[in-house]
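The values are calculated or read from the model by the stated rules, or taken from the named source; none is laboratory data. Keep in mind the model is a prediction, meaning the values are calculated, not measured. Positions of Cβ are generated from backbone atoms using ideal geometry, with glycine treated the same way; all protein chains shown enter the neighbour counts. SASA here: full protein model, heavy atoms, side chains in, ligands and nucleic acids out. Shrake-Rupley method; radii C 1.70, N 1.55, O 1.52, S 1.80 Å.
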Amino acid sequence: MLQQLTDKVYYYPCTRGGRPLLGYVRGSERSLAVDAGYSDRHVAEFYAALVAISLPLPDYTALTHWHLDHSFGLYACHGSGVACDLTNLKLRCHLRNSTREGYREYLMHDPGFAAEFGHGEPITIVPAPIEFSDELTLNLGGVTARLFRVDSPHTYDSVCVHIPEEGVLFLGDATYGKYSESWGPNHARLRSLVRVIERCDCRWCLCSHGSPQEKSALLPHLYSVLERAAKE
Ligand SMILES: [Zn+2]
């Protein structure tokens with residue numbers, strides 16, 4: 001079920017199975033989804049939740065990074081996809097690899113992928129048609145969305161989405177560690193990201209695999225992660 005966070009910001013919650021939270025911002029002229037989701041089924045469930053409370057389907061879908069659970073549903077999204085150039089670069093690379101032998105077996109190592117995609121079910125990968133390099137502001141009518149790239153311990157293409165009028169910051173997976181580093185945080189990158197969050201004028205922070213948190217609760221948590229990392 002869709003959850004309302006503020007007047008114009010909603011989210012479709014994450015699941016224990018590995019699907020990320022999907023965001024939704026309703027402007028008076030256009031609406032924006034934050035992240036595409038894992039598959040066309042994920043997109044369909046999200047859209048059914050929007051329709052159930054008479055919200056329009058999104059005009060834009062912004063990707064927070066290239067990871068499969070956030071981007072593989074893009075081909076089934078309504079309106080235009082929006083991504084930073086580094087995210088699109090990685091998606092184009094996946095698109096090329098998807099025709100090669102062994103690609104699917106490689107993805108199957110991820111238990112989330114194996115749970116989401118049935119045996120032999122086709123994968124459709126598309127890059128986003130609207131591309132930016134560092135920052136892009138979308139005017140949705142009475143509310144704006146500022147998309148900007150950040151230094152993150154999770155991926156090199158991490159994008160945050162700030163909705164200043166609503167005091168909301170979508171962080172994607174930016175605060176998490178890296179799979180190849182056993183999810184341990186890279187100290188310097190996390191510190192850099194923490195500075196971005198400190199400076200951001202917002203009340204709410206949304207990390208993709210958890211519930212929304214107030215900035216006043218997220219920052220102390222990240223400080224303790226940094227402290228632990230410094231001792232190691
Ligand atoms: Zn991720």
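Here are the numbers:
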| quantity | calculated |
| --- | --- |
| Residue with peak Gaussian network fluctuation, the chain [Cα springs, cutoff 10 Å], from THR99, THR64, THR137 | THR99 |
| For the chain, built as a Gaussian network whose Cα springs stay under 10 Å, the top-fluctuating residue of ALA44, ALA114, ALA174 | ALA114 |
| Between segment 8-28 and segment 91-168, the alpha-carbon center distance in angstrom | 14 Å |
| Using θ = phi - 60° and Karplus 6.51 cos²θ - 1.76 cosθ + 1.60, couplings along segment 138-147 (whole Hz; Gly, Pro as x) | 10, 8, 9, x, x, 7, 10, 10, 9, 9 |
| Sequence of HIS221, HIS70 when ordered by accessible area, the most exposed leading, probe 1.4 angstrom | HIS221, HIS70 |
| Note, ³J(HN,Hα) from phi for segment 62-75, Karplus 6.51, -1.76, 1.60, rounded to Hz, x at Gly and Pro | 9, 8, 7, 5, 7, 3, 3, 5, 9, 10, 5, x, 4, 4 |
| GNM top mover of LEU138, LEU147, LEU107 - the chain, alpha-carbon springs below 10 Å | LEU107 |
| Estimated FRET transfer efficiency when R0 is 25 angstrom, pair LEU226-ASP110 (beta carbons, to 0.05) | 0.35 |
| Extreme residue, positive dipole direction of the chain, given options PRO58, VAL168, SER192 (C-beta unit charges) | SER192 |
| Largest to smallest accessible area among SER54, SER208, SER98 [probe 1.4 Å] | SER54, SER98, SER208 |
| The chain, accessible area per residue, ligands and nucleic acids excluded (1.4 Å, Å²) | 47 Å² |
| Segment 3-231 - percent of accessible surface contributed by carbon and sulfur, probe 1.4 Å | 51 percent |
| Estimated distance in nm for a label pair at ARG195 and ASP59, the labels positioned 7 Å out from Cα along Cα-to-Cβ | 3.6 nm |
| Relative contact order, percent, the chain [alpha-carbon distance under 8 Å, six or more residues apart] | 17 percent |
| Considering only the chain, percent of DSSP beta bridges that pair antiparallel, nearest 5 | 65 percent |
